Amino acid sequence: QFLYFIGGRGGMDYMTLSGTPSGVGMVPQMEALVSKQAVEQGGALLGKELWTKVSEHCNSAQAAVETYLHLITSLAPNEIQLSTVPPSPSIDEGLWQHECMRLYISGLNKLVVHLSGICTHTTCPKMTATSEWLFLCACHKQPQECPAVDYAFHTLDGAATVLHSTKFFSERKDPPATLFANMIRRLYRIFAHAWHHHNEAFMEFEKMTKVCERFVRFSLHFSLLQKDILMPYPEI
């Protein structure tokens, strides 16, 4: 057995899991967490068994959701549905959305880094997606034009700040109903810019991570994004 650890907002949580790690803190193989049948069958059974294992070992609901999402995206990257829809009706919808958003922001940060060198102030002086869509950056006293890379970092920093704000998220109150929808609309523009203007690099990154597909499926499942504005994955 070994300790798998993950740090969350509520502190460090530890899971003692059977397996053979190759180093301290390494993620175990899926077979160490769920039954062989669940691994072979995948889908809902895999999600249910993994959630049961994780929730039994974490000391808070937030830590359980964060750990589950980390494991399912690491160990079953092609099971997109399992990382966008809660594996159990017992999971609070607001908590699930909050942890998914934290995961997507992390993925988007990595995408922006992946585009460094080709998405610059010189190549992309404005935040556009196609020749028709020009987006103003809302992270200023008055919305204004920004180079695409600045727009991306401003938007990601702003979203991360909101997600960690006790003004919007606390045990005593739920966030405004429009909060995630507004955040997702602005974040999606980063995907749209990358897909339209840096398609080869975007597809290379997406093939490895599937972060855009997760983001889109999550947003559509919770009706947080309008399908008619989709560019990446318009067929979903």
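All other residues whose Cβ lies under 13 angstrom from that of ILE118 are scored, Lys and Arg at +1 and Asp and Glu at -1, for a net of -2. As a fraction of the 1.4 Å probe accessible area of the stretch 86-236, surface on carbon and sulfur atoms comes out at 53 percent. With the simple spin-label model, which puts each label point 7 Å out from Cα in the Cβ direction, the THR178 to ASP157 separation comes to 2.5 nm. Local charge for ARG186 was computed over the other residues whose Cβ lies under 14 Å away, with Lys and Arg +1 and Asp and Glu -1, and equals 0. With a simple spin-label model that places each label point 7 Å from the Cα along the Cα-to-Cβ direction, the separation between ASN59 and LEU136 comes to 4.8 nm.
Does the stretch 192-236 come out rounded, prolate or oblate, given a ≥ b ≥ c as the square roots of the eigenvalues of its C-alpha gyration tensor, rounded meaning a/c under 1.5 and, failing that, prolate meaning a/b above b/c? Because a/c hits 1.5 or more and a/b fails to exceed b/c, the stretch 192-236 counts as oblate. Phi-derived couplings, Karplus 6.51 cos²θ - 1.76 cosθ + 1.60 at θ = phi - 60°, listed residue by residue for the stretch 79-86: 8, 4, 4, 6, 10, 10, 10, x Hz, with x used for Gly and Pro.
Apply the Karplus parameterisation 6.51 cos²θ - 1.76 cosθ + 1.60, with θ equal to phi minus 60°, to every residue of the stretch 119-134 and state each ³J(HN,Hα) to the nearest whole Hz, in sequence, with x for glycine and proline. My calculation for the stretch 119-134 gives 10, 10, 4, 7, 6, 9, x, 10, 8, 10, 9, 6, 7, 9, 9, 10 Hz in order. Modelled spin labels at VAL113 and SER74, positioned 7 Å past Cα toward Cβ, are 1.6 nm from each other. The residues neighbouring MET203, those whose beta-carbon lies less than 12 Å from its own, together hold a net charge of -2 under the Lys/Arg +1, Asp/Glu -1 convention.
The values are calculated or read from the model by the stated rules, or taken from the named source; none is laboratory data. Note that this is a predicted model, so its numbers are computed, not measured. Reconstructed Cβ throughout: ideal geometry from the backbone, glycine too, with neighbour counts over all protein chains shown. For accessibility, only protein heavy atoms count, side chains too; no ligands or nucleic acids. Shrake-Rupley method; radii C 1.70, N 1.55, O 1.52, S 1.80 Å.
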